[in-house]
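Trainee: Structure in structure tokens, see below.
The values are calculated or read from the model by the stated rules, or taken from the named source; none is laboratory data. A quick note: this is a predicted structure, and the numbers were derived from the prediction, not measured. Neighbour counts run over all protein chains shown; Cβ positions are idealised from the backbone, glycine included. Each accessible area value is taken on the protein alone, full model and side chains, heavy atoms only, with ligands, DNA and RNA left out. Shrake-Rupley method; radii C 1.70, N 1.55, O 1.52, S 1.80 Å.
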Amino acid sequence: MKNQNNKTILDVQNLHANTQSTEILKGINLTVKSGEIHAIMGLNGSGKSTFAKVLAGHPDYTVTQGNIQFEQQDLLALSPEERAQAGIFLAFQYPIEIPGVANSQFLRLAYNTIQSKRGNDELDPLEFDDFVREKMKLLEMNPDFLDRSVNEGFSGGEKKRNEILQMALLEPTLGILDETDSGLDIDALKIVAKGVNHLSNAQNAMILITHYQRLLDHIVPDYVHVMEAGRIVKTGGKELALELEKHGYDWLHDDRHNNVGVSA
Amino acid sequence: MSEPANVDYLSCLFKSLDAKADGKINADTSPENPQSWLKQLRAQAIENAGQLKWPTIKDEEWRFTDISSLAKLPFKPAQPGQVPALSDIQPYLIKEAVNRLVFVDGFFAPELSSITSENQMCIGNLSALATQHANTIMSHLGQYVKHQNNLFAALNTAFLHDGAVIVVPQNNVVDLPVHLLFIATQVETTHYPRCLIVGEANSKITVIEDYVALQNNAEDAYITNSVAEFKLAANAQIQHVRMQRENQNAFHLANCAVSLDHASRYQAVSVSLGAKISRYNLDVRLEAETAESIINGLALITDQQLADTHTCIDHLKPNCTSHQKHKCIADDNAHAVFNGKIIVRPNTQKTNSSQSSRNLLLSDKARIDTKPQLEIFADDVKCAHGATVGQLDKEEIFYLKSRGLSELTARNLLTYAFGAEILDSVPVASLKHTLEQIVLNQTQSC
Ligand SMILES: Nc1ncnc2c1ncn2[C@@H]1O[C@H](COP(=O)(O)OP(=O)(O)OP(=O)(O)O)[C@@H](O)[C@H]1O
Ligand SMILES: [Mg+2]
């Protein structure tokens, strides 16, 4: 494979996770190396967002089995903020609104917290303003969004762009994009894809959760995984997404043993 | 509360009152004594106070606010004392407010006050203005805060000796805010601040009513019993900022009444930060069509503090608008109370009224009681109201943490944001900034 010699960023082994009452993740295995882009697809309710949130440390889920290594660290031992500081970023499927917290203040606080944890200089409000405006230009975002409360009253597409803006500011080692493409118009999709491609390099990695091939036309994945009932049931190359688009998920069951592409 | 303590307290008060029954006001005003009405007003109030019972938690209006401890305090009315230096009050001054009336323990302090816009309004202390503006003052003072059934308003009126008076004449717009600064310096006394603000037709003014403490020893208690009255004539506009930052052992009992004429607008924001026990009664009467009131409130309390806000917004005529937003943030063992009554009288069609009470509990031991009370007797009206009591939203906390913010920073940011929404409506920039800093400091646990 193309990145065989690159270092492992994320190594998930036999991951099981519960909510209070039910097991949702039932043994996920996934290895992500630097420079790679992985797509995760799968039916509604198959556990994609749960997996993403478990990676980010959401308190609703308890990991009952398995382990996660993130750049040689035991990820499960870290709090959500330590994970973010270590370089994990989740662009949420449903970014929440935070009334009363100015977007500019929030972005600067997040940026400076992470910079200082990484031993870099913090920016004062004026410097940060210039910096964030540059990043917003890349995403063709109106600077007015800085003065508004975090996501409050943002349209669905605007929220998604605000997530990518945060990712652009925080420069994670592992970016997890949970359906960032849903709700984006075609132009916005291209802009976001351009932003993601711009951010992706040989040192970092991305996991794209999506239902649609159209995102993968713009951000070409190295691997495509299919989730079903809390497991990754199939892994292939970028062609797998095209096959799924053509045949639907049922086709997997007809054809389970006939590998398309390779296993990661 | 036992009856005898009540009697003790009042008789103690009245003894001191008798001693100066023909006291200050008359001495300060003209010898022909055109202010006998003032004497009458006080006499009436004394009589009322004598008949009113000390409120206990058995009274519906005082259900959550137990002031029995107060009745046991033999606090005499404050006497004029030493006036602090200007440098002592410097931290409380507001840059934009070049017009300032300062009262120390309820007594006017001309040396700390500053008036530059005399040509735009009639402004000063009651005893100075009582002669020259007798008619205006007489027709408004004591007309809005009723003391027939309100013990503390009656006591304030009974001890009425001075106060802040502003009358904005017709068509006058006072651009710069006026600061009414009430400073408590004496402990184990009761202070009786008083305000009368009249906006005549088409006038406009911003008034900051501000209660601060400047004791050497903040361990000791005192009582502030204040009354403020606002009259808005047709098309008048008043912005009222009220800040209560008494010391942590003070008792603050306040009554404010607002009367609105045709197309007038009253915009208020009140912030309660101090006092061991505070009670703020606000009565707003929309007495003519298309009058409008916009009322925001924030109580931010901690330790053993209790902050009780009772408001009553009375729609007496059709086509009036009232919007109210009240927020409480209670930490530690603090207890916040909000009782928001809205009356929509019969035939007040096209009334538009909204009320929201949102409350944040920062500790398991904190308590918030909120009670919206809507009494609607008209049918073609638009009334929206809602009340919530809760903790910080855990999804919001997680969102912030997922961006690298610590749990503590996330909580602090969200708590601050909750209160900051109310501060947004403070119309004086430097004051807004000061309040934001205060709220920031108080919401930042570490
Ligand atoms: N906090 C929770 N409490 C209860 N059930 C949950 C919780 N979180 C997820 N689930 C359940 O777990 C299953 C997987 O949900 P998840 O959101 O991970 O699916 P998904 O693959 O992201 O779906 P979609 O494509 O619709 O976004 C669903 O049945 C969901 O209802
Ligand atoms: Mg999902």
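Trainee: Counting only residues that are within 14 Å of chain A (Cβ to nearest Cβ) and more than 30 Å from A:ARG118 (Cα to Cα), which one in region B:364-405 is most open to solvent (accessible area, probe 1.4 Å)? Please lay out each step first, then the result.
Mentor: Keep residues of region B:364-405 that are within 14 Å of chain A (Cβ to nearest Cβ), which gives B:388, B:390-405.
Within this subset, residues satisfying the condition of being more than 30 Å from A:ARG118 (Cα to Cα) are B:388, B:390-391.
Values: B:THR388: 72, B:GLY390: 19, B:GLN391: 131 Å².
Checking each candidate, the answer is B:GLN391.
Trainee: Separate question: Looking at B:ASP162, B:ASP210, B:ASP175, which one is assigned to a loop (DSSP other than H, G, I, E, B), under 21 Å from B:SER113 (Cα atoms), charged (D, E, K, R) and in contact with a helix residue (DSSP H, G or I) (Cβ under 9 Å, 6 or more places away or on another chain)? Steps first, please.
Mentor: Working: B:ASP210 fails: assigned to a loop (DSSP other than H, G, I, E, B); B:ASP175 fails: in contact with a helix residue (DSSP H, G or I) (Cβ under 9 Å, 6 or more places away or on another chain).
Going through B:ASP162, B:ASP210, B:ASP175 in turn, just one is assigned to a loop (DSSP other than H, G, I, E, B), under 21 Å from B:SER113 (Cα atoms), charged (D, E, K, R) and in contact with a helix residue (DSSP H, G or I) (Cβ under 9 Å, 6 or more places away or on another chain): B:ASP162.
Trainee: Now a separate question. On the basis of being assigned to a helix (DSSP H, G or I), of a type in the set (Ser, Thr, Tyr), open to solvent by less than 60 Å² (accessible area, probe 1.4 Å) and away from ligand 2 (no atom under 16 Å from the Cβ), does A:THR50 make the cut?
Mentor: Details: assigned to a helix (DSSP H, G or I): yes; of a type in the set (Ser, Thr, Tyr): yes; open to solvent by less than 60 Å² (accessible area, probe 1.4 Å): yes; away from ligand 2 (no atom under 16 Å from the Cβ): no.
So A:THR50 does not fit the description; no.
Trainee: Kindly indicate whether any position in region B:340-348 is within 14 Å of another protein chain (Cβ to nearest Cβ) and modelled with pLDDT of 95 or more.
Mentor: Initially, region B:340-348 is screened for residues within 14 Å of another protein chain (Cβ to nearest Cβ), giving none.
Within region B:340-348 (the criterion being within 14 Å of another protein chain (Cβ to nearest Cβ) and modelled with pLDDT of 95 or more), the answer is no, since none of the residues qualifies.
Trainee: Then there is this: Could you please find all residues in region B:41-61 being open to solvent by less than 80 Å² (accessible area, probe 1.4 Å) and touching a residue at least 40 places away in the same chain (Cβ under 8 Å)?
Mentor: To start, the set of residues in region B:41-61 that are open to solvent by less than 80 Å² (accessible area, probe 1.4 Å) comprises B:41-43, B:45-46, B:48-50, B:52, B:54-56, B:59.
Result: B:LEU41, B:ARG42, B:ALA45, B:ILE46, B:ASN48, B:ALA49, B:GLY50, B:LEU52, B:TRP54, B:PRO55, B:THR56.
Trainee: All but one of (1) part of a loop (DSSP other than H, G, I, E, B); (2) open to solvent by 60 Å² or more (accessible area, probe 1.4 Å); (3) more than 13 Å from chain B (Cβ to nearest Cβ); (4) not polar (S, T, N, Q) hold for A:GLU122; state the number of the condition that does not hold.
Mentor: Unmet condition: (3).
Trainee: Can you tell me which residues in region A:54-86 are without any contact (Cβ under 8 Å) to a residue 60 or more places away in the chain, crowded, with 16+ Cβ neighbours inside 10 Å and not hydrophobic (A, V, I, L, M, F, W, C)?
Mentor: Selection gives A:GLY57, A:HIS58, A:TYR61, A:GLY66, A:PRO80, A:GLU81, A:GLU82, A:ARG83, A:GLN85.
Trainee: Now for a different question. Do we find a residue being out of contact with any His (no Cβ under 9 Å at 6 or more places or on another chain) and at positive phi anywhere in region B:165-181?
Mentor: Of the residues in region B:165-181, the ones out of contact with any His (no Cβ under 9 Å at 6 or more places or on another chain) are B:166, B:168-181.
Next, only the ones that are at positive phi stay: B:171.
Yes; the residues of region B:165-181 include at least one that is out of contact with any His (no Cβ under 9 Å at 6 or more places or on another chain) and at positive phi.
Trainee: Considering only region A:194-213, state which residues are more than 16 Å from ligand 1 (Cβ to nearest atom) and either under 20 Å from A:GLY248 (Cβ atoms) or of a type in the set (Lys, Arg) (or both). Step through it out loud before you land on a result.
Mentor: As a first pass, look at region A:194-213 and keep what is more than 16 Å from ligand 1 (Cβ to nearest atom): A:194-206.
Residue satisfying the conditions is A:LYS194 alone.
Trainee: If I filter region B:315-327 for residues that are surrounded by fewer than 23 Cβ atoms within 10 Å (Cβ to Cβ) and among the β-branched types (Val, Ile, Thr), do I get at least one hit?
Mentor: yes
Trainee: Across region A:197-215, which residue is nearest to the other protein chains (Cβ to nearest Cβ) among those that are assigned to a helix (DSSP H, G or I) and surrounded by fewer than 22 Cβ atoms within 10 Å (Cβ to Cβ)?
Mentor: Narrowing region A:197-215 to residues assigned to a helix (DSSP H, G or I): A:197-199, A:213-215.
Subsequent filtering for residues that are surrounded by fewer than 22 Cβ atoms within 10 Å (Cβ to Cβ) retains A:197-199, A:213-214.
Working: A:ASN197: 22, A:HIS198: 20, A:LEU199: 16, A:GLN213: 28, A:ARG214: 27 Å.
Step by step, filter region A:197-215, then rank; the result is A:LEU199.
Trainee: Given (1) exposed (fewer than 15 other Cβ atoms within 10 Å of the Cβ); (2) within 13 Å of chain B (Cβ to nearest Cβ); (3) polar (S, T, N, Q), identify the lone condition not met by A:ASN112.
Mentor: Of (1) exposed (fewer than 15 other Cβ atoms within 10 Å of the Cβ); (2) within 13 Å of chain B (Cβ to nearest Cβ); (3) polar (S, T, N, Q), only one is false for A:ASN112: (1).
Trainee: Taking interchain pairs and intrachain pairs at least six residues apart, which have beta carbon atoms under 6 angstrom, with the first residue in region A:135-158 and in contact (Cβ under 8 Å) with a residue 60 or more places away in the chain and the second open to solvent by less than 20 Å² (accessible area, probe 1.4 Å)?
Mentor: Qualifying pairs under 6 Å: A:LEU138/A:GLY195.
Trainee: Identify the single condition in (1) in contact with a strand residue (DSSP E or B) (Cβ under 8 Å, 6 or more places away or on another chain); (2) not in a strand (DSSP E or B) that B:PRO346 does not satisfy, given that it satisfies every other one.
Mentor: Of everything listed in (1) in contact with a strand residue (DSSP E or B) (Cβ under 8 Å, 6 or more places away or on another chain); (2) not in a strand (DSSP E or B), B:PRO346 misses just condition (1).
Trainee: So which of A:ASN3, A:ASN18 ends up being of a type outside the set (Phe, Trp, Tyr), open to solvent by less than 50 Å² (accessible area, probe 1.4 Å) and modelled with pLDDT under 95?
Mentor: Working: A:ASN18 fails: modelled with pLDDT under 95.
Unique residue meeting the criteria: A:ASN3.
Trainee: While we're here: Can you give me the number of residues within region A:141-175 that are away from chain B (no Cβ under 14 Å) and either under 27 Å from A:GLU36 (Cβ atoms) or open to solvent by less than 40 Å² (accessible area, probe 1.4 Å) (or both)?
Mentor: 6
Trainee: Which condition number does B:LEU126 fail, the rest of (1) within 23 Å of the chain's Cα centre (by Cα); (2) open to solvent by less than 60 Å² (accessible area, probe 1.4 Å); (3) of a type outside the set (Gly, Ala, Ser); (4) closer than 30 Å to B:GLN305 by Cβ being met?
Mentor: (4)
Trainee: Here is a further query. Are any of the residues in region B:437-445 within 14 Å of chain A (Cβ to nearest Cβ), in a strand (DSSP E or B) and out of contact with any Ser or Thr (no Cβ under 9 Å at 6 or more places or on another chain)? I'd like the intermediate steps shown before the answer.
Mentor: Start the filter on region B:437-445 by keeping residues that are within 14 Å of chain A (Cβ to nearest Cβ), which leaves B:439-440, B:443-444.
Filter once more, keeping what is in a strand (DSSP E or B): none.
Scanning region B:437-445 turns up no residue that is within 14 Å of chain A (Cβ to nearest Cβ), in a strand (DSSP E or B) and out of contact with any Ser or Thr (no Cβ under 9 Å at 6 or more places or on another chain).
Trainee: Select from region A:51-82 the residues that are within 14 Å of chain B (Cβ to nearest Cβ) and either within 16 Å of ligand 1 (Cβ to nearest atom) or small (Gly, Ala, Ser) (or both) and list them in ascending order.
Mentor: The first filter runs over region A:51-82 and keeps only residues within 14 Å of chain B (Cβ to nearest Cβ), leaving A:52-61, A:75, A:78-82.
Answer for region A:51-82, where residues must be within 14 Å of chain B (Cβ to nearest Cβ) and either within 16 Å of ligand 1 (Cβ to nearest atom) or small (Gly, Ala, Ser) (or both): A:ALA52, A:LYS53, A:VAL54, A:LEU55, A:ALA56, A:GLY57, A:HIS58, A:PRO59, A:ASP60, A:TYR61, A:SER79, A:PRO80.
Trainee: Of the numbered conditions (1) over 15 Å from A:ILE209 (Cα atoms); (2) within 16 Å of ligand 2 (Cβ to nearest atom), A:GLN93 fails exactly one; give the number of that condition.
Mentor: Evaluating A:GLN93 over (1) over 15 Å from A:ILE209 (Cα atoms); (2) within 16 Å of ligand 2 (Cβ to nearest atom) leaves (1) as the failure.
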